[in-house]
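Taking it in order: structure first as structure tokens, then the write-up.
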Amino acid sequence: MANIVDRISKETFDIAYDNHLPGNWIIFAYKYFSNSTERKDFGVKKTFVGILIGLFGLGMLASMLNLSDKITRMFVTPYSILLAMLVLYLFSAVLLNNWRIRKIRKELGITKWEYDALVSVYY
């Protein structure tokens with residue numbers, strides 16, 4: 001690890017990083033839906049998860065009580081749409097972030113492990 005730190009200074013790393021800053025799409029996904037979400041930002045995540053759990057619970061209850069298919073679909077359809085939208089959004093944010101990191105690595109001429117080492121040393 002010392003070898004990579006000797007080759008690439010913090011200033012050089014910061015310049016490459018600043019050339020490829022994350023967009024709002026990535027920032028929103030990581031701010032509100034990652035494991036490192038801060039306590040003050042839990043509102044969006046809790047609201048979305050609450051809606052999903054509520055729709056799932058109502059759909060399951062309607063199914064268990066053998067209610068008509070129309071009533072069951074009233075809960076299952078929005079649940080499926082919201083869940084699919086969330087999964088596609090988060091998947092696209094991860095792909096875009098990986099693409100951004102790949103650009104930074106290419107600019108610096110380093111591997112993924114060297115990039116991770118630089119991030120852990122400098123930040």
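With a simple spin-label model that places each label point 7 Å from the Cα along the Cα-to-Cβ direction, the separation between Ile71 and Arg39 comes to 4.2 nm. The 3J(HN,Hα) values that the Karplus relation (6.51, -1.76, 1.60; θ = phi - 60°) gives for segment 112-119 are, in residue order, 4, 5, 5, 4, 4, 5, 5, 5 Hz. Gly and Pro appear as x.
Spin-label pair Leu96-Ser9: with each label point 7 Å from Cα along the Cα-Cβ axis, the two points sit 3.3 nm from one another. Each part reduced to its alpha carbon centroid, segment 38-101 and segment 104-121 end up 35 Å apart. Largest first, the extents of the alpha carbon coordinates of the chain on the three principal axes equal 68, 27, 24 Å. Between helix 24-33 and the chain there is an angle of about 60 degrees, using the helix long axis and the longest principal axis of the Cα atoms.
Any chance you could run the full-extension gain for Leu21 through Phe56? It's 0.36 nm times the residue separation minus the Cα-Cα distance, nm to one decimal. Walk me through the intermediate numbers first.
Numbers: separation 35, 0.36 × 35 = 12.60 nm, distance 3.70 nm.
Contour length minus Cα-Cα distance gives 8.9 nm.
Every number in this text was worked out from the coordinates using simple rules, so none of it is lab data. Note that this is a predicted model, so its numbers are computed, not measured. Cβ coordinates were reconstructed from backbone atoms using ideal geometry, including for glycine residues, and neighbour counts include every protein chain displayed.
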